[in-house]
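Quick notes on the structure that follows.
The values are calculated or read from the model by the stated rules, or taken from the named source; none is laboratory data. The structure presented is a predicted model; accordingly, all values stated were derived computationally and were not measured. No Cβ is skipped: glycine too gets one built from the backbone with ideal geometry, and neighbour counts run over all protein chains shown. Accessible surface is based on the protein model in full, side chains and every heavy atom, while ligands, DNA and RNA are left aside. Shrake-Rupley method; radii C 1.70, N 1.55, O 1.52, S 1.80 Å.
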Amino acid sequence: ELRFKSINEAFGASKGIKILGLESFFINRFSQPARDYAKTQISASIISQLPRFFIEGFAFGGMLLLILYVISKSESFINAAPILALYAFAGYRLMPSVQQIYQSSTLLKYCSPSITKIYDDLNSLKKFEPDKNQNFLLFNQAITLNNVNYSYHGSSRLALKNISLTIPCKTTVGFVGKTGSGKTTIIDVILGLLEPQSGTLKVDDKLITKNNLRAWQSIIGYVPQNINLSDDSIAANIAFGVEPKNINQGFVEKAAKIANIHKFVIDELPKKYKNIIGERGVRLSGGQRQRIGIARALYHNPKVLILDEATSALDVQTEQAVMDAVNNLDKNITIIIIAHRLSTVKNCDNIFYLEKGE
């Protein structure tokens with residue numbers, strides 16, 4: 001656990017580490033858990049192999065004692081030979097099995113902490129059988145939250161307090177407020193990622209439950225603050241999760257045009273939509289990455305588009321370009337925008353201001 005934690009932190013902050021000269025600090029931080037891990041593996045390997053020599057010594061020593069005992073009783077080795085052969089053959093066949101049993105029990109003991117954690121996680125899951133008849137969900141009127149309350153596990157403070165609001169279909173609404181005011185929590189409730197302790201989420205007066213949640217999520221496009229781009233082509237990143245042979249190039253270009261990224265792809269990239277963008281999109285600017293994120297959300301033709309602080313890390317000019325792309329979207333899409341700055345949501349039909357979960 002500590003090894004993986006150190007690696008993730010080191011590579012996640014590689015620029016800062018290089019600038020501050022902290023390479024040795026992170027190497028040392030990784031080295032000690034790595035040594036402990038190696039020592040534990042060596043110990044487990046030795047412990048699993050040692051009994052083999054004891055078992056062999058016990059078996060052969062026992063055979064010698066048995067030979068002496070049988071000879072002393074029968075006074076003839078010839079008469080004792082069949083019995084000795086039987087025991088020798090049985091010992092020869094049993095020893096590998098006994099050793100394998102011991103090695104397996106050692107391995108189980110060695111892996112038991114990890115297995116126990118995984119088992120506890122799986123055991124805590126509630127069995128759920130989705131309603132197979134819920135293949136789609138209509139959205140023609142409004143999204144409604146009624147008296148929604150939510151608090152995170154281990155926190156005494158409510159993240160959301162009696163939230164009641166309506167988001168009409170085909171409108172653009174904004175959620176603004178300070179960090180920790182509950183903006184992202186509301187969006188997670190709307191997305192169905194969080195289930196409120198009390199209150200309801202309705203779409204066109206239809207209560208969203210586990211039975212129809214997947215149908216609701218299938219008509220949502222989501223753009224997070226940090227777009228997770230893969231080291232693949234532009235087309236593959238826009239059609240995220242679609243097999244290369246099944247990518248619809250027409251849908252890709254349509255989504256890219258709406259997101260205002262098509263002209264850049266055609267004019268500036270040598271391989272157009274087949275251009276590889278590098279790990280996490282390192283060959284693109286922040287604004288270009290965000291616009292690919294918007295195009296990705298639009299590829300499946302959603303009825304609701306949610307931008308979760310998607311422009312907060314951008315400079316003013318880049319944010320303006322991204323917001324221009326959002327404002328030029330099809331008016332048949334319901335758009336929900338979370339932002340810190342009021343300027344980001346100035347063109348919204350309605351703005352909800354949150355403070356301390358209210």
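Results, tabulated for the structure shown:
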| read-out | value |
| --- | --- |
| The chain: equivalent-ellipsoid semi-axes (sqrt of 5 x gyration tensor eigenvalues, Cα, Å) | 62, 27, 23 |
| Hydrodynamic radius of the range 1-78 per Kirkwood, over alpha carbon pairs, in Å | 17.3 Å |
| 1.4 Å probe accessible area per residue over the chain, in Å² | 64 Å² |
| For Leu305, distant residues with modelled amide H under 5 Å away | Gly221, Thr334, Ile335, Ile336 |
| Area accessible to solvent at Arg296, 1.4 Å probe radius, in Å² | 40 Å² |
| Solvent-accessible area, 1.4 Å probe, carbon plus sulfur percent, for the range 175-286 | 50 percent |
| Choice from Ala38, Ala259, Ala236 showing the highest fluctuation, given a GNM over the chain with Cα pairs closer than 10 Å | Ala38 |
| Restraint check, Lys117/Lys210; Lys161/Lys254; Lys257/Lys346; Lys5/Lys183; Lys272/Lys331, Cα-Cα greater than 32 Å | Lys161/Lys254 |
| Considering only the range 202-358, percent of DSSP beta bridges that pair antiparallel, nearest 5 | 25 percent |
| With all protein chains modelled, accessible area of Ser124 [1.4 Å, Å²] | 80 Å² |
| Selected from Lys183, Lys109, Lys254 as most flexible by GNM, with the chain as the system and alpha-carbon contacts under 10 Å | Lys109 |
| Å³ per residue enclosed by the Cα convex hull of the range 200-314 | 117 Å³ |
| Calculated diffusion of the range 193-241, Stokes-Einstein form, Kirkwood radius summed over Cα pairs, 37 °C and 0.692 mPa s, µm²/s | 241 µm²/s |
| Order of exposure, largest accessible area first, which applies to Asp188, Asp324 with probe 1.4 Å | Asp324, Asp188 |
| Calculated FRET efficiency for the pair Ser151/His300, C-beta based, R₀ 35 Å, to 0.05 | 0.60 |
| DSSP bridge orientation in the chain - percent antiparallel, rounded to nearest 5 | 40 percent |
| Calculated from backbone phi, Karplus (6.51, -1.76, 1.60) coupling profile of the range 208-225 in Hz, x at Gly/Pro | 7, 10, 4, 5, 10, 4, 5, 5, 5, 5, 5, 10, 10, x, 10, 10, x, 5 |
| Mean ellipticity per residue at 222 nm, deg cm²/dmol - from DSSP H runs of n ≥ 4 across the chain, formula -39500 (n - 2.57) | -16500 deg cm²/dmol |
| Accessible surface of the range 3-112 [probe 1.4 Å, protein heavy atoms]: carbon and sulfur percent | 70 percent |
| Set of aspartates and glutamates with alpha-carbon distance to Lys202 below 17 Å, sequence-local pairs under 8 removed | Asp188 |
| Among Ile261, Ile101, Ile335, residue whose mean-square fluctuation peaks in a GNM of the chain (springs only between Cα atoms under 10 Å) | Ile101 |
| Note, ³J(HN,Hα) from phi for the range 92-108, Karplus 6.51, -1.76, 1.60, rounded to Hz, x at Gly and Pro | 4, 7, 7, 4, x, 5, 4, 5, 5, 4, 5, 4, 5, 5, 5, 4, 4 |
| Largest-first ordering by accessible area, 1.4 Å probe, given options His262, His153, His340 | His153, His340, His262 |
| Student exercise, the chain dipole from Lys, Arg, Asp, Glu Cβ charges, in Debye to nearest 20 | 140 debye |
| Computed accessible area, Met95, all protein chains, 1.4 angstrom probe, square angstrom | 40 Å² |
| Phe264, Phe139, ranked by accessible area, largest first (probe 1.4 Å) | Phe264, Phe139 |
